[in-house]
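First up is the structure itself, then whatever we jot down about it.
The values are calculated or read from the model by the stated rules, or taken from the named source; none is laboratory data. Nothing here was measured: the structure is a model prediction, and the numbers come from that model. Cβ coordinates were reconstructed from backbone atoms using ideal geometry, including for glycine residues, and neighbour counts include every protein chain displayed. The area values use the complete protein model at the heavy-atom level, side chains included, leaving out ligands, DNA and RNA. Shrake-Rupley method; radii C 1.70, N 1.55, O 1.52, S 1.80 Å.
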Number of protein chains: 2
Amino acid sequence: MSAAADETQQSTADCMASMGRAARYATGALAGADAATRNRIIRRTAELIRERREQILEDNAADKAQAQASGRRGAMLDRLSLDEARIDAMAAGLDAVAMLDDPLGQIDKRWERPNGLCIERITVPLGVIGIVYESRPNVTVDAGVLCVKSGNAVILRGGSECVRSNRQLHTCLADALEQNGLPRTAVQFVPTQDREAVGLLLAGLNGNVDVLVPRGGRSLVERVHNDARVPVIGHLDGICHVYLHGDCSTKMAIDIAVNAKMRRTGICGAAETVLVDSACAERVLPALGKALEAAGCSVRGDTTTQRLVSSASTATEQDWTTEYLDAIVAIRVVEDFAAAVSHIATYGSGHTDAIVTNDQTAADAFLRQVDSAIVLHNASTQFADGGEFGMGAEIGIATGRIHARGPVGANELTSYKYCVRGSGQTRPN
Amino acid sequence: MSAAADETQQSTADCMASMGRAARYATGALAGADAATRNRIIRRTAELIRERREQILEDNAADKAQAQASGRRGAMLDRLSLDEARIDAMAAGLDAVAMLDDPLGQIDKRWERPNGLCIERITVPLGVIGIVYESRPNVTVDAGVLCVKSGNAVILRGGSECVRSNRQLHTCLADALEQNGLPRTAVQFVPTQDREAVGLLLAGLNGNVDVLVPRGGRSLVERVHNDARVPVIGHLDGICHVYLHGDCSTKMAIDIAVNAKMRRTGICGAAETVLVDSACAERVLPALGKALEAAGCSVRGDTTTQRLVSSASTATEQDWTTEYLDAIVAIRVVEDFAAAVSHIATYGSGHTDAIVTNDQTAADAFLRQVDSAIVLHNASTQFADGGEFGMGAEIGIATGRIHARGPVGANELTSYKYCVRGSGQTRPN
């Protein structure tokens, strides 16, 4: 290693270590800030974003130009683009988060013991959250603000394709913190694009990161899951299914399947596979095929599907485990309810799965047996979203089973403590 | 590596991998078992333990003989010893767990969205739990049964000093499972003492372990925390404090401090440091010193403590971070409330801390400001225990902030899923 390279590495390590210490230190001030102060910071961030709109758009234009120069097009370019409407939506989202109930200091359980001890379980912040993300600059403010709402310090590490926009948005948050008497270091943005910085963050910065949240493409999320030495909240895949049960209504089946697949194809809650019960395949599939085609979706299917949907190409084993994130759907005709549940258990990713049926017993069995973070009856998988759940915003959707599962909002970014009140009780032998 | 060593390693790796797969497979049967079946298994385990009492005591005698031969004495030997009374207590504990409310299928939140979607959050098992422990054979049944209660598969890896007793107790559980139609592999006991087996378990057995719980001495717990590649629920240290506030009653202060330190010195909730406010030091310390002395406790103290407690030796900086687990206490006179809170933040381990005071404002501030899993007002730190909290039994006490904090009982061994019921809702653009 050259002396210069060594020096850079050294300084990345120093920089990251000191960010970790600063974040841990800031948790004290955050935990001490009342809800009114935390909400004022969030509303002030929204104001600053509106005030600095021109500057943000300028920075974003520079990011876009660079991304285009390096060959990005279409959806990839769209994801990092900001415009007036998106900035307004971002700021409005922050105001909505400020309106949410305080996630801290909530007594979620309280009971008394026979010896007179009164025990309360009270929500407290988690501590320091590390967020590794790419592309979409709104993650900077959404994630940052959810952490402020829940009293957590956060270290944000955004992707290089959006660094100017992210830095500008982060400055709004840091200024809002400072203007309300909190340390800017409560929300930090990693200033270097050195990949080593990510490695250090994933290693937990000497115990100064309590949990990691990855947001982005599969290779980013996979790296976080593989290399993290602290707990990760997130999901790797969203292989979501819509199962059209034998007793479904044709219109509802088609409406839900098309919406689940096509409303937005690039989100994790988009359906990738439609399972059609053999009991309704002849009835539903031809019309479903036409509706998907009309919506611009290519169909890949098993033999029966190909017979009933003339435009369908052949689905291979690999299609059942592919997250297309595109206008492509895999369709399989399954023998019965058990085969549908078994298909989901085998190929699913435990994210979000739906059944369409008028049979309440089948619906209840599906909700019970399918072991996914979100299971729906007669509703589109595209509802897999913190906002749609009424959480105001989400930092992501988790498919792990530890701590939080499903949409992760401000409430899910808390831990708890037990407060025990006595009158001199000692424990007998 | 010799061929023989290679073969042993290979077989440990194979054995552990296949245990992981079997555990994952068993989760399906467990999740499908209703509460009545799970409770029947727990009560049957208690019966079998009572029926096989002689055999268990014989195996335990052999374990003890071997431990003695390898030089174990006193508390270490006591921890692994079983007798009639301990076997009765163990079996009674299982019956108590069988009586607890079902932790699964509980709807802990339910709300409706403006679009008519009804969302329920329902508790489900975590999955596969790995438990690495040493010494106390009751962990085999307590942990095994809490996992059955909460629908989790478990892989138990007990220490070599107790392998015969553990194996016998595990057989009771496995037989009870089988007699009630569940796979024996729902609760597995690692058959080898090869340390490599622990390493494989900590690495998560190819994704087949969801969470690890260490129970035992510091070096074991430290190894688990350092090497685990899956989330760990547990605690490294229990540096618990009792703070005698200026406005405490002398009698209550002495009762609580002596009980917190001396009722059992070897448990994690035992107090290690007593902080005495300068406002009450002259009043409380001389009598406290005598009471501790009478209870057989050595005192180490700062200058003021040494002046007021003649038998006290000098406490050094190291004493404030030492978990004695013995009849030794460190006493420090602190300037005021803020100094007490600051001492606990600096030297504590976030486990359990208590304040003794008649001043409600000081008590509330302490409960709010001290960032530990359990904070108590006018009660002994020895109440830091799942049984004392009314959880029936505990698998351990967690000081981490992810998932569970404080005593971990059957409820804390669950995750949740969202069940969403609609009537054909699709998500608008």
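Condition test on residue A:49, is it at negative phi, open to solvent by 10 Å² or more (accessible area, probe 1.4 Å), at pLDDT 95 or above and touching a Cys at 6+ places or on another chain (Cβ under 7 Å)? Criteria not met by residue A:49. Whenever a residue of segment B:259-279 is of a type in the set (Val, Ile, Thr), its partners that are open to solvent by 40 Å² or more (accessible area, probe 1.4 Å), lying with C-beta atoms within less than 7 angstrom and at least six residues away or across chains, give the pairs B:265/B:325; B:265/B:326; B:273/B:332. Among the conditions (1) surrounded by fewer than 23 Cβ atoms within 10 Å (Cβ to Cβ); (2) assigned to a helix (DSSP H, G or I); (3) within 10 Å of chain A (Cβ to nearest Cβ), residue B:338 misses just one, which is (3). Going through (1) open to solvent by less than 10 Å² (accessible area, probe 1.4 Å); (2) closer than 30 Å to residue A:424 by Cβ one by one, residue A:110 falls short only on (1).
Applying the criterion of at least 1 residues that are closer than 24 Å to residue B:415 by Cβ, free of Cβ contacts under 8 Å to residues at least 60 places away in the same chain and more than 17 Å from the chain's Cα centre (by Cα) to the strands (runs of 3 or more DSSP E) found wholly in segment B:59-148 leaves B:107-112.
Of the residues that make up segment A:372-379, is at least one in a loop (DSSP other than H, G, I, E, B), small (Gly, Ala, Ser) and facing chain B (nearest Cβ under 8 Å)? Yes - at least one qualifying residue is present in segment A:372-379.
Scanning segment A:102-153 for residues that are under 15 Å from residue A:209 (Cα atoms) and aliphatic (A, V, I, L, M) yields A:126, A:128, A:129, A:131, A:132, A:153. Please verify whether segment B:251-260 includes one or more residues that are in contact with a Ser or Thr (Cβ under 6 Å, 6 or more places away or on another chain), within 13 Å of another protein chain (Cβ to nearest Cβ), open to solvent by 10 Å² or more (accessible area, probe 1.4 Å) and not basic (Lys, Arg). Yes, because at least one residue in segment B:251-260 is in contact with a Ser or Thr (Cβ under 6 Å, 6 or more places away or on another chain), within 13 Å of another protein chain (Cβ to nearest Cβ), open to solvent by 10 Å² or more (accessible area, probe 1.4 Å) and not basic (Lys, Arg). Of the listed requirements (1) at pLDDT 95 or above; (2) surrounded by 16 or more Cβ atoms within 10 Å (Cβ to Cβ); (3) more than 24 Å from residue B:95 (Cβ to Cβ), residue B:44 misses just one: (3). For residue B:210, the test of being within 14 Å of chain A (Cβ to nearest Cβ), among the charged types (D, E, K, R) and surrounded by 22 or more Cβ atoms within 10 Å (Cβ to Cβ) is passed. Number of residues in segment A:301-335 that are among the hydrophobic types (A, V, I, L, M, F, W, C) and in a loop (DSSP other than H, G, I, E, B) equals 5. Across segment A:16-41, the qualifying residues are those that are of a type in the set (A, V, I, L, M, F, W, C) and open to solvent by 40 Å² or more (accessible area, probe 1.4 Å), and the one among them that is farthest from the other protein chains (Cβ to nearest Cβ) is A:36. With the checklist (1) more than 23 Å from the chain's Cα centre (by Cα); (2) in a helix (DSSP H, G or I); (3) more than 17 Å from residue B:280 (Cβ to Cβ) in hand, flag the one item residue B:382 doesn't pass. Here residue B:382 meets the rest and fails (1). Looking at residue B:315, is it more than 28 Å from residue A:374 (Cα to Cα), more than 22 Å from the chain's Cα centre (by Cα), more than 10 Å from chain A (Cβ to nearest Cβ) and free of Cβ contacts under 8 Å to residues at least 24 places away in the same chain? Spelling it out, residue B:315 is indeed more than 28 Å from residue A:374 (Cα to Cα), more than 22 Å from the chain's Cα centre (by Cα), more than 10 Å from chain A (Cβ to nearest Cβ) and free of Cβ contacts under 8 Å to residues at least 24 places away in the same chain. Would it be correct to say that residue B:404 is of a type in the set (Gly, Ala, Ser) and over 30 Å from residue B:31 (Cβ atoms)? When the stated conditions are applied, residue B:404 does not pass them. Of all residues in segment A:248-275, those that are more than 28 Å from the chain's Cα centre (by Cα) and farther than 26 Å from residue A:406 by Cβ total 3.
Looking only at residues in segment B:343-366 that are surrounded by 22 or more Cβ atoms within 10 Å (Cβ to Cβ) and hydroxyl-bearing (Ser, Thr, Tyr), the one that is farthest from the other protein chains (Cβ to nearest Cβ) is B:357. Only one entry in A:235, A:241 is surrounded by 21 or more Cβ atoms within 10 Å (Cβ to Cβ), part of a loop (DSSP other than H, G, I, E, B), touching a Gly at 6+ places or on another chain (Cβ under 9 Å) and not hydroxyl-bearing (Ser, Thr, Tyr), namely A:235. Flag not set for residue B:369, criterion: surrounded by fewer than 23 Cβ atoms within 10 Å (Cβ to Cβ), in contact with a His (Cβ under 9 Å, 6 or more places away or on another chain), within 11 Å of chain A (Cβ to nearest Cβ) and over 21 Å from residue A:403 (Cβ atoms). A count restricted to segment A:266-300 and to residues that are part of a strand (DSSP E or B), open to solvent by 30 Å² or more (accessible area, probe 1.4 Å) and more than 24 Å from residue A:78 (Cα to Cα) stands at 1.
Summed over segment A:381-429, the residues that are open to solvent by 10 Å² or more (accessible area, probe 1.4 Å), in contact with a Leu (Cβ under 6 Å, 6 or more places away or on another chain), of a type in the set (Gly, Ala, Ser) and facing chain B (nearest Cβ under 7 Å) give a count of 1.
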